[in-house]
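The values are calculated or read from the model by the stated rules, or taken from the named source; none is laboratory data. No experiment lies behind these values; they were computed from the predicted model shown. A quick note on method: Cβ atoms are made from the backbone with ideal geometry, for glycine too, and the neighbour counts reach across all protein chains shown.
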Amino acid sequence: MKMNTHAARMRRTIPLVAAALLLAACSSSSNSTSSGGTPSAGSGSSGASGSSGSTGAPSGSTSAVSTSQCGTKPGVQASGTPIALGGIVTNQPGTSFTDIANMAQAYFNCVNANGGINGHPVKYYIETEQTNPAQIAADARQLVQSDHVVGIVGNTSILECTIDHSYWEKLGIAIITSGIAPECYSTPDAAAVNMGPRYSSDGAVQYALSQHVGKVVFDQSNVPGTGYIGAGPAALANAAHTPIVQLTENVPISNADSVAIKEVQDAGPDGAVVLNFTPPEALIILQAAQKLGLEDRVKLWGCSTPCNTDFLAQALGPKWNSKLFVNAELTPPDSTSTSAMNLYKAILAQYGKSVSGGVGSFSQMGFTEAEIAVHALESVTGAYTTATVNAAFKAVKEFNTGMLCQLWTYGSYPLHIPNNEDYTVTPDNGKMTQAQGCTPISSVDPQIAAYRAAAGTAPTAPTAP
Amino acid sequence: MPTWSDLQPFIVSGLALGGVYALSGVGLVVLYRATGVVYLAFGAVGAFGALIGWSLIHDAGAPGWLAWLVCIATATVLTLAYGMIFGPALAKRDPLVKAVATLGLTLILFGAMDLLWTTGGGQSRSIALPTDNGGFTVGQVQVNWTQVIGLGAGVVIATGTAVFLRYTKLGTAMRAMANDREITAMLGVPVRRVEAAAWLGCGVLAGIAGLLLADLVALDATTLTFLVISSLAAALIARLRSIALTFAAAIVVGLVHDLLTPVQALTNYRDMTPFVLAAVALLVISRHRVMGVD
């Protein structure tokens, strides 16, 4: 009797548990962070609304003097016909890029409060998506057909460039974006302010090769696009006649100890381990290496831009000072005091309450994209239409953003990699500090070579440290 | 193919992880035996406790030991509260309903964690136990004390629980309830109190597992919430019945998972280890049942 009762309950429960295992596995997979697809740093969510439009009254204090530099008429609220701009960002559990669009919104709010653009305020619409292709396509059409935007600025999405680039090209819309997918760099109507995972990984591997390592282990998250990203580091290592081992890890990583051990075993004492993961995933690998005493078992550790956060430097501690070298696509904010950097920090403080990550790569990107857009819009004479606005975007040439190594150019090219010089930073007692100044990404990467053949090499920015 | 010396560090890491899976699996089995609930929120309550512990250390400057206690207490209170509020109401429902209700708790906690501890803007968190910094070397392999604690906790909890169920009055009552709740109640066993004890114990284990996994794996809501999969697989292999088999299965899951890491052809499939082992076990169990062996 007892056995029968238990057996009956078991017969009902075991299929249930099996189903739960599968369900949980699916949830785990869909919620995992996608570092290969990270524009710069971070994953998570920050609670942006699905769609918002605002002409941007200032939300912060009015006492910050330096924010008045963002507009041409300090203290005068713009009251003309709004210029509608839009952006699409990924926002889902585990992966959120809303800080970028929210920082662009903060910049536009500042501009609107200080005279606007030739008297016109910017009305900025933010659409959020959950890596659903149909939703992303619908978001683009919503912005154009319902919100009547005339330009796209601040896009940061795992799939958006892939899904929408044909639509933008058909409409003649030249987007200013933070790139992730290959199409953000390889199509005529998309130009990014960041390098994206491939070229940032190039930069990290290039630094390791410059330190004469005997072997490179390049490890990245197992998400779509790993082949595209890995092609750059492979080209660089092959050109340097240095062996390279390419690894991929399923994320979230279920045991970082074994990942760190494998990387170190593959690299050897004269080798380098270069990571391309989101900050949480990179952190657990590096911490696992530290716990197992592996940090000194290779010549150096490298990481693409996502590792460039003080959160990571603080969590790692001093053992990684001058041991971990991180590619930085944007000017390090802590050690820079240029007018653009000061304006960025002031706007963030006064208008950036919704920017959850504060100072960092994400908000720097949002600032830079809005800054470029405003610079372009100020050159428009006459009506702000899709044609005039996007022509102005494409006409941006050698603009000093104050945030990048190079002057930034859009131009009419078949592909756009306008940010192709990087910094390298290293942890220094809880802060990321500069280890190497602006260095061009090698043209050994065939995509970089193709871009430079089309657009030339942009001059180094006069404000670059 | 990796050499034997290449594999040795993976054995150590696999044993440590398997130990924590065992600890979690034992908690799940004990709760199931006493209440008939497959507690899918085990990982989420552990994660919630660990994140509160992190906040205490990081934001309030609390000492580590206090944060660890609060982590365990949080998981315990959440689990006990759930058991006390929803347990009686769902006691006579089908196991499917009971399990789905715990999935609801999982989703609520997961959403709360995503809201309260966002990882936007590159934020990343970690809990480091002092035992990370000490250890010893076996051959060429560095072993730290946290790994030893992971395996040791699994052994101690599994052994202690088996003894508790066999030799104590409360354990006997739990085993009786596993067979028939109604008859056990008619025999005068205080069913609510026994169930409360099971929820309490499960909550304590969830807190300990959350703390250890936050250090051994990652302090991340998604990762910790779904790490319960491996423990569930171990419990399933043991047919949600045997403590010893749950322990053994959890160790095997941890070991196989990590030993596949250096095998190039299989490394990207190693996360399937719990599913594959559970599926094989189910097939073997059903084959034995068809052949009349139970």
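How many residues are more than 26 Å from A:N276 (Cβ to Cβ) and within 21 Å of the chain's Cα centre (by Cα) when one looks only at the stretch A:325-341?
Let us first name the residues in the stretch A:325-341 that are more than 26 Å from A:N276 (Cβ to Cβ), namely A:337-341.
Now drop any that are not within 21 Å of the chain's Cα centre (by Cα), which leaves A:340-341.
Going through the stretch A:325-341 one residue at a time, the tally reaches 2.
Assess whether A:I229 counts as being within 13 Å of chain B (Cβ to nearest Cβ), hydrophobic (A, V, I, L, M, F, W, C) and not in a loop (DSSP other than H, G, I, E, B). Explain how you work it out, then say what you get.
On the way: within 13 Å of chain B (Cβ to nearest Cβ): no; hydrophobic (A, V, I, L, M, F, W, C): yes; not in a loop (DSSP other than H, G, I, E, B): yes.
Answer is no for this residue.
Could you tell me which numbered condition B:M1 fails, if it satisfies all but one of (1) in contact (Cβ under 8 Å) with a residue 12 or more places away in the chain; (2) surrounded by fewer than 24 Cβ atoms within 10 Å (Cβ to Cβ); (3) farther than 30 Å from A:E263 by Cβ?
Every condition holds for B:M1 apart from (3).
Can we say B:I127 is in contact (Cβ under 8 Å) with a residue 60 or more places away in the chain and farther than 26 Å from B:A248 by Cα? Even if it seems obvious, please write down each step before you answer.
Details: in contact (Cβ under 8 Å) with a residue 60 or more places away in the chain: yes; farther than 26 Å from B:A248 by Cα: yes.
Answer is yes for this residue.
List every residue pair whose Cβ atoms lie under 6 Å apart, where the two residues are 6 or more positions apart in sequence or sit on different chains, the first residue falls within the stretch A:253-273 and is over 30 Å from B:T225 (Cα atoms) and in a helix (DSSP H, G or I), and the second residue, located anywhere, is at pLDDT 90 or above and not aromatic (F, W, Y).
Between residues of the stretch A:253-273 that are over 30 Å from B:T225 (Cα atoms) and in a helix (DSSP H, G or I) and residues that are at pLDDT 90 or above and not aromatic (F, W, Y), the close pairs are A:D266/A:V217; A:D266/A:V245; A:A267/A:K215; A:A267/A:V217; A:A267/A:V273; A:A267/A:V298.
Test B:G150 against the criterion of being crowded, with 21+ Cβ neighbours inside 10 Å and more than 11 Å from chain A (Cβ to nearest Cβ), and give yes or no. Talk me through it step by step, then tell me what you get.
Numbers: crowded, with 21+ Cβ neighbours inside 10 Å: yes; more than 11 Å from chain A (Cβ to nearest Cβ): no.
Judged against the criteria, B:G150 is not a match.
In the stretch B:254-278, what residues are of a type in the set (A, V, I, L, M, F, W, C) and more than 22 Å from B:L232 (Cα to Cα)? If you could, list the steps in order and put the result at the bottom.
Just the residues of the stretch B:254-278 that are of a type in the set (A, V, I, L, M, F, W, C), to begin with: B:255-256, B:259-260, B:263, B:265-266, B:272, B:275-278.
Across the stretch B:254-278, the qualifying residues are B:V263, B:A265, B:L266.
Which condition breaks for A:V153 when tested against (1) touching a Ser or Thr at 6+ places or on another chain (Cβ under 9 Å); (2) surrounded by fewer than 23 Cβ atoms within 10 Å (Cβ to Cβ)?
A:V153 satisfies every listed condition except (2).
Determine whether the stretch B:90-107 contains at least one residue that is outside any loop (DSSP other than H, G, I, E, B), more than 23 Å from the chain's Cα centre (by Cα) and surrounded by 13 or more Cβ atoms within 10 Å (Cβ to Cβ).
Of the stretch B:90-107, the ones outside any loop (DSSP other than H, G, I, E, B) are B:90, B:95-107.
Retained after the next criterion (residues that are more than 23 Å from the chain's Cα centre (by Cα)): none.
Within the stretch B:90-107 (the criterion being outside any loop (DSSP other than H, G, I, E, B), more than 23 Å from the chain's Cα centre (by Cα) and surrounded by 13 or more Cβ atoms within 10 Å (Cβ to Cβ)), the answer is no, since none of the residues qualifies.
Could you list all residues from the stretch B:221-246 that are touching a Leu at 6+ places or on another chain (Cβ under 9 Å), over 16 Å from B:T74 (Cα atoms) and not hydrophobic (A, V, I, L, M, F, W, C)?
The answer is B:T223, B:S230, B:S231, B:R239, B:T246.
What number goes with the only condition from (1) facing chain A (nearest Cβ under 10 Å); (2) in contact with a Phe, Trp or Tyr (Cβ under 7 Å, 6 or more places away or on another chain); (3) surrounded by fewer than 18 Cβ atoms within 10 Å (Cβ to Cβ) that B:R125 does not pass?
Result: B:R125 fails condition (3) only.
Quick test of your reading of the structure: B:L245 fulfils all but one of (1) aliphatic (A, V, I, L, M); (2) surrounded by fewer than 20 Cβ atoms within 10 Å (Cβ to Cβ); (3) within 10 Å of chain A (Cβ to nearest Cβ). Name the failing condition by number.
Single failed check for B:L245: (3).
Given A:L330, A:L300, which one is surrounded by fewer than 22 Cβ atoms within 10 Å (Cβ to Cβ), aliphatic (A, V, I, L, M) and out of contact with any Cys (no Cβ under 6 Å at 6 or more places or on another chain)? Lay out the reasoning, then the answer.
Numbers: A:L330 fails: surrounded by fewer than 22 Cβ atoms within 10 Å (Cβ to Cβ).
Being surrounded by fewer than 22 Cβ atoms within 10 Å (Cβ to Cβ), aliphatic (A, V, I, L, M) and out of contact with any Cys (no Cβ under 6 Å at 6 or more places or on another chain) holds for just one of A:L330, A:L300, which is A:L300.
Determine the pairs where a residue that is of a type in the set (S, T, Y) and part of a helix (DSSP H, G or I), located within the stretch A:102-121, has a partner that is surrounded by 24 or more Cβ atoms within 10 Å (Cβ to Cβ) and at pLDDT below 95 with Cβ atoms under 7 Å apart, the partner being 6 or more residues away or on another chain.
Between residues of the stretch A:102-121 that are of a type in the set (S, T, Y) and part of a helix (DSSP H, G or I) and residues that are surrounded by 24 or more Cβ atoms within 10 Å (Cβ to Cβ) and at pLDDT below 95, the close pairs are A:Y107/A:C70.
If we scan the stretch B:256-271, do we find a residue that is within 17 Å of the chain's Cα centre (by Cα), within 9 Å of another protein chain (Cβ to nearest Cβ) and surrounded by fewer than 19 Cβ atoms within 10 Å (Cβ to Cβ)? Full working, then the answer.
Filtering the stretch B:256-271 for residues within 17 Å of the chain's Cα centre (by Cα) gives B:257, B:271.
Subset that is within 9 Å of another protein chain (Cβ to nearest Cβ): B:257, B:271.
Now restrict to residues that are surrounded by fewer than 19 Cβ atoms within 10 Å (Cβ to Cβ): none.
No; the residues of the stretch B:256-271 include none that is within 17 Å of the chain's Cα centre (by Cα), within 9 Å of another protein chain (Cβ to nearest Cβ) and surrounded by fewer than 19 Cβ atoms within 10 Å (Cβ to Cβ).
If I go through the stretch A:241-271 residue by residue, how many of them are over 15 Å from A:V216 (Cβ atoms), more than 7 Å from every other protein chain (Cβ to nearest Cβ) and surrounded by fewer than 23 Cβ atoms within 10 Å (Cβ to Cβ)?
The total comes to 0.
If B:F86 meets every condition in (1) over 22 Å from B:F226 (Cα atoms); (2) in contact with a Ser or Thr (Cβ under 9 Å, 6 or more places away or on another chain); (3) within 13 Å of another protein chain (Cβ to nearest Cβ) apart from one, which number is that one?
Going through (1) over 22 Å from B:F226 (Cα atoms); (2) in contact with a Ser or Thr (Cβ under 9 Å, 6 or more places away or on another chain); (3) within 13 Å of another protein chain (Cβ to nearest Cβ) one by one, B:F86 breaks only (3).
Suppose we filter B:L115, B:L219 for residues that are surrounded by fewer than 16 Cβ atoms within 10 Å (Cβ to Cβ) and at the interface with chain A (Cβ under 9 Å from one of its Cβ atoms); which single one remains? Reasoning before the result, please.
Numbers: B:L219 fails: surrounded by fewer than 16 Cβ atoms within 10 Å (Cβ to Cβ).
Residue meeting the stated conditions: B:L115.
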